[in-house]
Amino acid sequence: MKFVDYDVIVAGGSVAGLLCAREVAAKGYRVLVLEEDYEIGTPEHCGGLVSIPAMDDLGIIPMRGTLDNKIRSARMISPSGKEFTLDARPQQVIVLDRREFDKQIAHQARTNGAEIRVRASLREVVKDGVRTSDGHVKCRIAVDARGVSSLINRDRTGTLQSAQYEVYADWIDKEMVEVYLDQERYPGFFAWIIPTRHDEAKVGVAGRGINAARVLEEFLARKGRYSAVRKIFAPIWIKGPIPEFVTGNMVTIGDAAGQAKPTTAGGIYSSGLGGIFAGKAISKFLESSNPDDLGEYQREWSAKFGREFEQMLLARSILERLDNKAIEGLFDSITPDSLSEISKDGSFDFHAVSIAKLLGVKGSLKAAQAILGNELRRLLG
């Protein structure tokens, strides 16, 4: 098979990789996207939650087939079944069909001139390009957008096992996300229900050291009758960004760079902007050949998300150390005024402050606060 040379080869055809390709191709450079699966957007690991302001920042207006649902509220449930509800309307939260969403970005990239090749994967970065499953290809910059799989060998303590089923059931509330906290069943994480359409939802669990499939089956059995129409099993990364986004002629973006939220593992916005920032920096480098222009990518991402991710990592370290008794105490202490404040002033995309407010509610978690006082003060500060 005869190959042409490319300026940039992007390994991974998900949000970050496709947005990076879109930006570079828009400047007239030759871009090839390699997607190892049979189809862009498959398998769909993500819950698909994002805000409308985030979509604006990514330069995407969802098409009708891309937008699954609008979320009005989020219900949090304790181990014993206590609950409180947050109003999600001020945060403009929507649910995307990730398969269609990725295809929409792929179309943008292709319209700008990028080439997309499925069932093709990166094997190795070499001096003058990359070795792929189709052979050797010359390029100036290689972009790693292969997701969590690129991180597993780096640090296995940063991953949790997750399972997510797409289900049909009559117990699904179409306008409400549900989050179940239980450190015994889902240590270090939670279970979730994300409604997509009437009587349809993505239902999942993640946790440290659990059999995610078995735990999810048990969760669904407690909820009631359902039909599972799709099952996905995948690790998620919760340890924050890697130290270096750029190494030589390799640029790392998205989940592969640890740009998913440490609190929820969601990354459409933070990873997507990572792809855009990288694409713009790569374009400048291709014009100037100045390595400092590539470094602008990490500087811009860190300026946008660095402080927030530090706070989310701190929040994660606190939440992981709370037992179920402490979680029950937190739920007992929540007041209508605190819920109203968080709902009104909180941000779906930058939510560390909302977590801090929940943990710092007056009178809540007294025992835990005695242990975690310094960390909690840092988070609230």
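The values are calculated or read from the model by the stated rules, or taken from the named source; none is laboratory data. Note that the coordinates shown come from a computational prediction; the quantities given were computed from them, not determined experimentally. Heads up, the Cβs are rebuilt from the backbone with ideal geometry, glycines too, and the neighbour counts pull from every protein chain shown.
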Against the definition (in a helix (DSSP H, G or I) and either outside the structural domain of Ala16 (by TED's automatic domain parsing) or touching a residue at least 40 places away in the same chain (Cβ under 8 Å) (or both)), how does Ala256 come out, yes or no? yes
Residue that is nearest to Lys70 (Cα to Cα), among those in the stretch 96-144 that are among the hydrophobic types (A, V, I, L, M, F, W, C) and outside any strand (DSSP E or B): Phe101
Among the candidates Glu300, Glu287, Glu328, single out the residue that is on the phi < 0 side of the Ramachandran plot, at pLDDT below 95 and either assigned to a helix (DSSP H, G or I) or hydrophobic (A, V, I, L, M, F, W, C) (or both). Glu328
Count of the stretch 89-118 residues which are modelled with pLDDT of 95 or more, among the β-branched types (Val, Ile, Thr) and closer than 27 Å to Ile232 by Cα: 3
Only residues that are buried (at least 24 other Cβ atoms within 10 Å of the Cβ) and in a loop (DSSP other than H, G, I, E, B): list them for the stretch 230-253, please. Ile238, Phe245, Ile253
Among the residues of the stretch 331-381, the number that are of a type in the set (Gly, Ala, Ser) and at pLDDT below 70 is 9
Could you list all residues from the stretch 47-88 that are out of contact with any strand residue (DSSP E or B) (no Cβ under 8 Å at 6 or more places or on another chain) and among the basic types (Lys, Arg)? Arg64, Lys82
Take the stretch 276-300 and flag every residue that is under 14 Å from Pro241 (Cα atoms) and in contact with an Asp or Glu (Cβ under 8 Å, 6 or more places away or on another chain). Gln298
Do the conditions hold for Arg156, that is, is it crowded, with 16+ Cβ neighbours inside 10 Å and free of Cβ contacts under 8 Å to residues at least 40 places away in the same chain? no
Strands (runs of 3 or more DSSP E) wholly inside the stretch 165-219 that include at least 3 residues being crowded, with 22+ Cβ neighbours inside 10 Å: 191-197, 200-207
Being closer than 27 Å to Ala201 by Cβ, in contact (Cβ under 8 Å) with a residue 24 or more places away in the chain, surrounded by fewer than 18 Cβ atoms within 10 Å (Cβ to Cβ) and assigned by TED's automatic domain parsing to the domain that holds Arg146 narrows it down to one of Glu39, Glu44, Glu83, Glu115, so name that one. Glu39
